[in-house]
Amino acid sequence: MPQKFIVILAGGKGERFWPQSRLRRPKHLLTIVGDKPMLAQTLARVRPLASAKNIFIITAADQVRAVRAMCRGLPPGNIVGEPVGRDTAPAVALAAALVAQRDPRGVFAILPADHVIHDTRTYQADLRAAFAAAGAEVMVTIGIKPHEPATAFGYIQRGKPWKKFARRPFYTVRRFVEKPSPKVAQRYLASGDYLWNAGMFVWSVPVVLAAFERHAPVLRACLDRILAGLARRRALAPLLKEIYPALPKISVDYALLEKAGNIVVLPASFDWDDVGSWPAVARHRPKDVSGNVVRGRAIVEQGRNNIVVSEDGHMLAVVGADDLIVVHTPDATLVCPRHRAQDIKQLLKRIGAAAGGRKWL
């Protein structure tokens, strides 16, 4: 029987939760929701699905030390740093090489490190069903049933019923579509045929190798170079430094999924939130009687619906203001209307371009 593997993608630039998140301390290393860092929560959810030796984390090279400190139950060599970010397709190719070295017929899940899922038992049951389906030589994705016409996610249009595994219904996939306009997103929601693309995939090594061979030969060649280097017992980090800079920056959606014909989708039965910006925190943190979310030593006087976060014992006070995000850290403070949270990325471009500004990124 093929072995089961979990590969957690823990990338990110630490932009959306600035100033708490930084380049070397992105969202997955923070306790945004719950009482543990997001990566630690993800690891705890998947531990019953695979042995520790079969769980990999792919992160940025400058985050490896922090991730290893957080994930001491994993073999240190299973935490791999990419020397430069090249989006998800090269990361999946790297994952395939790592798994193939252990089991050429292994089946592995690709999972994000920083999503919020409370119903752990159902999540694990869905993943077990996806592992079973992946044995049928298909590429499996898990889609999220939309509850609003969101424009921040890509969508999966499901087709006809395919098969059931562990009493979970799988469907063929008609197409993947990019982030839509509000009008198009409303149409997707009304149709009932579309699911949010949450970046969760399960496939076997032979199936994904064949997909790279057919649809992304440059990445297949990269994968083969990694495998050849590992077979010669080369150290992985210097090998990746040689290979990665020349790779295309491309998502696995563009590289493989939008081209492949052997894809099926499982509508998730579990709750899910990608917690993509500061306003999303309010969905998962307790609120006071005025709708304020307060963390740390902070107080809101005569204000409503604020998100106020203070680190290191600093007293942070908000008086007579509504609908703000106020975040204080030892070296930077953010004050922003909740509806302008998407502009933080643009703010960081200006900070980074300023003299000496990179120290705050």
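The values are calculated or read from the model by the stated rules, or taken from the named source; none is laboratory data. Just so we're clear, the structure is a prediction, and the values are computed from it rather than from any experiment. Neighbour counts run over all protein chains shown; Cβ positions are idealised from the backbone, glycine included. Quick note on the areas: whole protein, heavy atoms, side chains included, nothing else; ligands and nucleic acids left out. Shrake-Rupley method; radii C 1.70, N 1.55, O 1.52, S 1.80 Å.
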Of the residues in the stretch 7-54 that are part of a strand (DSSP E or B) and charged (D, E, K, R), the one that is nearest to L240 (Cα to Cα) is R25
Exercise. For L219, indicate whether it is touching a helix residue (DSSP H, G or I) at 6+ places or on another chain (Cβ under 7 Å), of a type in the set (A, V, I, L, M) and outside any strand (DSSP E or B).
Key: yes
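A quick yes/no check of all residues on (1) in contact with a helix residue (DSSP H, G or I) (Cβ under 8 Å, 6 or more places away or on another chain); (2) surrounded by fewer than 16 Cβ atoms within 10 Å (Cβ to Cβ); (3) of a type in the set (D, E):
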residue	(1), (2), (3)
V308	no, no, no
A317	no, yes, no
T333	no, yes, no
A341	yes, no, no
Q346	no, yes, no
I351	yes, no, no
A355	no, yes, no
K359	no, yes, no
The lone condition G313 fails out of (1) outside any helix (DSSP H, G or I); (2) at pLDDT below 95; (3) open to solvent by 80 Å² or more (accessible area, probe 1.4 Å); (4) of a type outside the set (D, E) is (3)
Do we have A255 as of a type in the set (A, V, I, L, M, F, W, C), out of contact with any Leu (no Cβ under 6 Å at 6 or more places or on another chain) and loosely packed, with under 15 Cβ neighbours inside 10 Å here?
no
Residue hits (the stretch 226-249; in a loop (DSSP other than H, G, I, E, B) and touching a residue at least 24 places away in the same chain (Cβ under 8 Å)) are L247, P248, K249
With the first residue restricted to the stretch 279-307 and required to be farther than 23 Å from I117 by Cα, and the second required to be at pLDDT below 95, Cβ contacts under 7 Å at 6 or more apart or on different chains are G296/E311; R297/G313; R297/H314
Out of (1) within 30 Å of L219 (Cβ to Cβ); (2) modelled with pLDDT of 95 or more; (3) acidic (D, E), the one D274 does not meet is (2)
Expected single match for open to solvent by 60 Å² or more (accessible area, probe 1.4 Å), modelled with pLDDT of 95 or more, small (G, A, S) and in a loop (DSSP other than H, G, I, E, B) among S290, S269 is S269
Quick count over the stretch 168-180, residues being basic (K, R), touching a residue at least 24 places away in the same chain (Cβ under 8 Å) and open to solvent by 60 Å² or more (accessible area, probe 1.4 Å), is 2
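Residues are listed down the side, and each one gets a yes or a no for (1) among the polar types (S, T, N, Q); (2) within 30 Å of A150 (Cβ to Cβ); (3) in contact with an Asp or Glu (Cβ under 8 Å, 6 or more places away or on another chain):
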site: R232; (1), (2), (3): no, no, no
site: L239; (1), (2), (3): no, no, no
site: A246; (1), (2), (3): no, no, no
site: A255; (1), (2), (3): no, yes, no
site: V265; (1), (2), (3): no, yes, no
site: F270; (1), (2), (3): no, yes, yes
site: D274; (1), (2), (3): no, yes, yes
Out of (1) in a loop (DSSP other than H, G, I, E, B); (2) open to solvent by 60 Å² or more (accessible area, probe 1.4 Å), the one K183 does not meet is (1)
Log entry, pairs with first residue in the stretch 254-278 being in contact (Cβ under 8 Å) with a residue 60 or more places away in the chain and over 10 Å from A211 (Cβ atoms), second being of a type in the set (S, T, Y) and not in a loop (DSSP other than H, G, I, E, B), beta carbons closer than 7 Å, six or more apart or on different chains, reads V264/Y171; V264/T172; V265/T141; V265/Y171; S269/T122; F270/T122; F270/Y123
Flagged in the stretch 156-167 as farther than 24 Å from S251 by Cβ and surrounded by fewer than 17 Cβ atoms within 10 Å (Cβ to Cβ), in numbering order, are K160, P161, K163, K164, A166, R167
